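Undergrad: The following block contains the structure, expressed as structure tokens.
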Amino acid sequence: MRKTIIEPFKIKVTEPLVMKSRAEREKVLKYAHYNLFLVKSEDVTFDFLTDSGTTAMSANQWAAMMVADESYAGSRSFHRFKDKVTQIMGYDHIIPTHQGRAAERLLFGMLLKPGMKIPSNNHFDTTRANIEVMGAQAVDLVIPEGRIPENEHPFKGNIDLDRLESFCREFKDKIPVGMLTITNNTGGGQPVSLENIKKAGEIYHKYGIPFILDACRFAENAFFIKTRESAYATESIPSIVREIFDQADGCMMSAKKDGLVNIGGFIALKNSTWVQELRNQLILTEGFPTYGGLAARDLEALAVGLDEVLSEDYLRYRIATSAYMANSLNEMGVPTVKPAGGHAVYIDAARFLPHIPKEQFPGQALATELYLQDGIRTCEIGSVMFKEAATMELVRMAFPRRVYTQSHFDYILEGFQELKARSSELKGYRIKEAPPFLRHFTAKFERV
Ligand code: F0G
């Protein structure tokens, strides 16, 4: 076995990388009030803001888009998409939506009443928001190891089964659905083991609670199962995936991640109980049940993407990227959440910049400096985003799928060496102006 894991594709279409000077970026950042969400992408060299909707599509996906059937009702492309989801996940009832949060709004809009409770390992922000807007409560029950950045547990996304059992016993009448997020994005892109998925399913079902997966990074999770859970070492990825979905009653999926597409999502369900009402609501706000707010060409690209994402060569390369980045950063003394997640590396800015107090946003200081030095756009996940509720000061580098190459990552690592050498010179920030909600998107900053 060679040491180097190669990109399992060659490149047919290229896009120029933006190359600007530090002086030019200084101007851009000042104009954007030191908020990277307000920087234009044409001023960014390496965009690690998110892995969502940022994938490069394959020649086969583009080809499939050309033969899409854009009929309003009963499109051939819908059936191709639906049959693919059924083949991979084993669910018969498939409801397309334009992205993940539309699926969340549909399902929770139908099921939730004030006072209800939805357990999961960790809910993603939009999932939590769509639960809370209905007056219900999103409850995080991840294992304690999942909350400790240095802890090297192989399945830090696991749900705490003892707490889940007692939670379900106490509140079963208030829980219309139980969840698990695979991989656990909020916890650092950490996987959930098949054993944990099975046991969580048993607990939910024992109390008569339907079990729904948030499946947007299901293939990355399956690869972690294959490589870290010994019982599955010789299983194929499709069979691990099938076993995951067999445990649940359905899933919600933002296809912008492991669907390998730029837009799309769906709800997939084992049985038909909720289907009619979901479709009625879908028609009201998203579109007819055979397109659900998407173009047929999006459904075609997704049908192909769902196959491509199951390739072991692809997944080995994909997971190697974040592991390579995290390990290399750790070796040079840049602390990250451990072990590396699937789609992202989370840098511990509080430990990297110990001279900048929490009140002066060490994550923001690191994120803005990464932009100034090398044109890298990342996302602060700390006191800017969560205010006083923040327990860590992280900077997320989320990697778009199939977009950047090994030499890009090596170049970025060289930059980190330089940054590390002068990290003590970095300055903190203060907030000049901010809205009352979701302030990280639009807040204006100034340097301390
Ligand atoms: N669930 C998880 C676990 C997610 O990570 C996301 C999106 C969603 C649901 C919502 O899906 O964006 O298609 O509406 N995560 C993106 C991110 C935005 O950057 O982590 P969506």
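Every number here is computed from the coordinates shown, using simple stated rules; none is lab data. Computed from a predicted model, the values in this text were never measured in an experiment. Cβ: placed from backbone, ideal geometry, glycine included. Neighbour counts: every protein chain shown.
Undergrad: From the helices alone, meaning DSSP H stretches of at least four residues, give me the mean residue ellipticity at 222 nm for the chain, per-run term -39500 (n - 2.57), in deg cm²/dmol to the nearest 500.
TA: Calculated mean residue ellipticity at 222 nm is -12000 deg cm²/dmol.
Undergrad: Another question about this same structure. Which percent, nearest 5, of DSSP beta bridges in the chain are antiparallel?
TA: 65
Undergrad: Can you compute the charge dipole magnitude of the chain about its Cα centre, using +1 on each Lys and Arg Cβ and -1 on each Asp and Glu Cβ, nothing else charged? Give it in debye, rounded to the nearest 20.
TA: The calculated dipole for the chain is roughly 540 debye.
Undergrad: Enumerate the calculated ³J(HN,Hα) couplings along region 351-365 in order (Karplus 6.51 cos²θ - 1.76 cosθ + 1.60, θ = phi - 60°), each rounded to whole Hz, writing x wherever the residue is Gly or Pro.
TA: Karplus values, whole Hz, x for Gly and Pro: 7, 6, 10, x, 7, 9, x, 3, 5, 10, 6, x, x, 5, 5.
Undergrad: Read phi for every residue in region 318-331 and hand back ³J(HN,Hα) as whole Hz from Karplus 6.51 cos²θ - 1.76 cosθ + 1.60, θ = phi - 60°, with x for Gly and Pro.
TA: 4, 6, 5, 4, 5, 5, 4, 5, 5, 5, 5, 5, 4, 4
Undergrad: Now for a different question. Within region 59-308, what percent of beta bridges assigned by DSSP are antiparallel, to the nearest 5?
TA: If we restrict to bridges inside region 59-308, about 50 percent are antiparallel.
Undergrad: Counting only DSSP beta bridges with both residues in region 114-230, tell me the antiparallel percent, nearest 5.
TA: 20
Undergrad: Hey, another quick one. For LYS20, give me every one of the aspartates and glutamates with a C-alpha distance below 13 angstrom, ignoring sequence neighbours fewer than eight places off in its own chain.
TA: Excluding near neighbours in sequence, the set is GLU42, ASP43, ASP374.
Undergrad: What relative contact order, as a whole-number percentage, does the chain give when Cα pairs under 8 Å and 6 or more residues apart are counted?
TA: Reported relative contact order: 23 percent.
Undergrad: Beyond a 24 Å Cα-Cα separation, which of these cross-linked pairs lie in this structure: LYS338/LYS358; LYS172/LYS257; LYS27/LYS338; LYS117/LYS198; LYS30/LYS256?
TA: In this structure, LYS172/LYS257; LYS27/LYS338; LYS30/LYS256 lie more than 24 Å apart at Cα.
Undergrad: Can you give me the long-range amide H partners of GLU393? Hydrogens built in the peptide plane at 1.01 Å from N, cutoff under 5 Å, separation of 5 or more residues or another chain.
TA: Counting only residues 5 or more places away or on other chains, the set is ALA349, ALA350.
Undergrad: Can I ask one more? Can you give me the orientation-averaged projected area of the convex hull built on the Cα atoms of the chain, in nm²?
TA: 21.1
Undergrad: May I ask you to evaluate 6.51 cos²θ - 1.76 cosθ + 1.60, the Karplus curve with θ = phi - 60°, for each residue of region 258-270 and list the ³J(HN,Hα) values in order in whole Hz, giving x for glycine and proline?
TA: 6, x, 6, 10, 8, 8, x, x, 6, 10, 10, 10, 6
Undergrad: Sticking with this structure for a sec: Give the angle, between 0 and 90 degrees and rounded to the nearest 10, that separates the Cα long axis of helix 275-285 from the longest principal axis of the Cα atoms of the chain.
TA: Approximately 50 degrees, to the nearest ten.
Undergrad: Could you tell me the ratio Rg/Rh of region 337-448? Both radii from Cα atoms, Rh via Kirkwood.
TA: Result for region 337-448 is an Rg/Rh of 0.96.
Undergrad: Rounded to the nearest 10 degrees, what's the angle between the helix 406-421 long axis and the longest principal axis of the chain, both from Cα atoms, 0 to 90?
TA: Helix 406-421 sits roughly 50 degrees off the main axis of the chain.
Undergrad: A further question follows. Amide H neighbours of VAL139 under 5 Å, at least 5 residues apart or on other chains, H built in the peptide plane: list them.
TA: ILE118, SER120
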